[in-house]
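First up is the structure itself, then whatever we jot down about it.
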Amino acid sequence: VVNYAPFTLLPSAVPRALFEQAYAVQQDFNLLVDAISQNKGFLEQTLASTIKVDDFTARLFRIYMQVLEEGLAQTVFLGINRSDYMFDCGLDGTAALRQIEINTIAASFGGLTSRTADVHGLVLKVLGKTKEASHLLPNNPAEGLALGIAKAWELYGSQRAMVMFLVEEVQRNIFDQRCVENELWNRNIRVIRRRFRDVFERGSLDASRRLYMDGQEVAVVYYREGYVPQNYNQQNWEARLLLERSRAVKCPDIATQLAGTKKVQQELSRPGTLEKLLPGRPEAIARIRATFAGLYSLDEGEEGDRIAATAIADPDRFVLKPQREGGGNNLYGEELRQVLEKIKDSPERTSYILMDKIKPQPALNYLLRAHSPLQVSECISELGIFGVYVRQGQELVLNQAAGHLLRTKAIEHADGGVAAGVAVLDTPFLV
C-alpha cells in the first residue's frame, strides 16, 4: 500500500540567523565526528560505563575492537550525518539554536525533503502568495548525499563495483531512499538493495577482503538499517561483522556509528573535551559549543547521584535519553521520574544521559497525514542539517553541508520523528 508522506499545509517560520548558524557549524561537526571515529582511546574511555549495562552498544563495540585488532582493510571513509536542532525560547523571548543530537547512521529524509519546497511553493501560489513562494529556498539533500557516495565509490577505484543499500526487512520509507538511489543511477553507478539476511547467506570476502554480494564486488555499503537492537539477530550480527571486516567503504563504519551515541554527545559537553579532539581549531570549537544544550552524566558517583536527585525532584526540566537512534525512545516528565526512581541506585542508570529540556515557541499549522482529520494544531519544529564528508587515509577530500530538513509536530507529542509517525515534513520560511 502506498501512502503520501505526511507534511505541513504551510511552511513554518524559522529565524534566518539561527538557520544560517546551523549551516555554518555543519562542517565543524563533520570534522568532529570524523575525529572521534579515529580516536580509539576516547571511544574506549567514554563508552566504558555504557557497555557494561547496554548490551546493544556493547556488541557494536566488540565488533569495533575485533576489526581494529585484525587491522582495517577500509582506506576510504564516508560520513553522512544529520545534526538536529530546536529553537529554545528564552525568558526574554529571544530564540537560541540548541542541538538535540547528531545522527551518524541512516539519517533519513534527504530524499523526500528535496521535494517538499516545491509542494509548499505550490500551496502558497494557490493561496495567492506568489511573492512569499519565491522566498522558499531550493533544497536538494538527495543530490548532496549521492555526491558523497559517488566520491567514495570513485576513490574505491573499481568501475565494476556497486553501491549496496543495506535496507530493512519491511521498508516503509522506500521512496526517500529511491531519490538518493536515482541520483546514483544518473551518474552511471550501479545500486543494489540487500538485507542483513542476504549478506549472511550470499556475502563473502576474498583474500584481500574485497566484499562480494551474489558474486559482484561492492564498493560502498550505505546503511539504512542497523541502528536499533530489533535490527539484529545472531545471523545479522555475523553479517555486520563480515561487512565491517571488508575493504568496502561503510557509511557509516562502526566507529562512526559509535561516535553518534548519546554518551559521546554528553562527554563532548565537558570542559576541555572538544579541545582534545580538535586541537588548534578554536573557532570551530566555539561554533560547536554555542549550539550545546545542558548535558549531564548519570555515571556512578557523586556527580551522577546529584543529577539524578535533581531530575527526580524537577522532571519537567529534563529529557532522559537512552543510547538509541530512530526516535520515540526519550522519556519526559512523570515517566522520566518513575524510571529514574527505579534505576537511581543501579548501574543501569549509566546507559542513559540527561539533557536540559528545550522549550520552543509553538506556532499554528495544519498537519496533513493519510487518513487523519485536518485540524489546526499548535506545533513545534526541529531543523536538521545534512553533512557529508569523505576521507582517504588521513586526507579529507570532501567536507560540506548537503541541505536541510525541517520536521514539525503537534506539541502534545513529546518525542518522535517522521518515521515514528509523529512529525511531518516541512519547509523553512526564513524570517
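Partner aspartates and glutamates whose Cα lies under 13 Å from the Cα of Lys409, excluding those fewer than 8 positions away in the same chain, are identified as Glu378, Glu382, Asp426.
Taking a sphere under 13 Å around the Cβ of Thr94 and counting the other residues whose Cβ falls inside, with K and R at +1 and D and E at -1, yields a net charge of 0. When the residues Asp356, Asp426 are ordered by accessible surface, computed with a 1.4 Å probe over the protein chains alone, the sequence from largest down reads Asp356, Asp426. Once the 1.4 Å probe is applied to the protein heavy atoms, the chain comes out at 43 Å² accessible per residue. Counting only Cα atoms, the size of segment 295-357 along its three principal axes is 31, 21, 20 Å, in decreasing order. From its DSSP helices (H runs of at least four residues, each -39,500 (n - 2.57)), the chain gives a residue-normalised ellipticity at 222 nm of -11500 deg cm²/dmol. Scattering from the chain was approximated by placing one identical point on each alpha carbon and applying the Debye formula without solvent; log10 I(q)/I(0) at 0.06 1/Å stands at -0.24.
So, with a 1.4 angstrom probe, what is the percent of accessible area on segment 295-357 that is carbon and sulfur? Here it works out to 42 percent. Remark: segment 310-419 projects, on average over all directions, an area of 10.7 nm² (convex hull of Cα atoms).
Accessible area ranking (1.4 Å probe, heavy atoms, ligands and nucleic acids excluded), largest first, for Tyr85, Tyr366, Tyr352: Tyr366, Tyr352, Tyr85. Considering the chain as a Gaussian network with a 10 Å cut-off on Cα pairs, which listed residue, Leu136, Leu127, Leu72, attains the greatest mean-square fluctuation? Checking each option, the largest mean-square fluctuation is seen for Leu127.
Where in the chain is the longest stretch that carries no GluC sites (Glu not before Pro) classed as loop by DSSP and with at most 10 other Cβ atoms within 10 Å?
Numbers: sites that count: Glu169, Glu412.
The longest uninterrupted stretch comes out as 170-411.
The figure for Asp345 is an accessible area of roughly 140 square angstrom, using a 1.4 Å probe on the protein chains alone. Starting from a Cα-only point model with no solvent, please compute log10 I(q)/I(0) by Debye for segment 138-236 at q = 0.11, 0.14, 0.24, 0.25 1/Å. Each listed q corresponds, in turn, to -0.34, -0.55, -1.35, -1.40.
Give me the net charge of Leu166's neighbourhood, meaning all other residues with Cβ under 10 Å from the Cβ of Leu166; Lys, Arg count +1, Asp, Glu -1.
Values: positive: Arg193, Arg194, Arg195, Arg224, Arg240, Lys250; negative: Glu168, Asp198, Glu225.
The answer is +3.
Accessible surface for Tyr212 stands near 60 Å², nearest 10, in the context of the full protein assembly shown (1.4 Å probe).
The values are calculated or read from the model by the stated rules, or taken from the named source; none is laboratory data. Only a predicted model underlies this, so the values are computations on that prediction, with no experimental measurement involved. Heads up, the Cβs are rebuilt from the backbone with ideal geometry, glycines too, and the neighbour counts pull from every protein chain shown. Areas reflect the complete protein model, heavy atoms only, side chains present, ligands, DNA and RNA absent. Shrake-Rupley method; radii C 1.70, N 1.55, O 1.52, S 1.80 Å.
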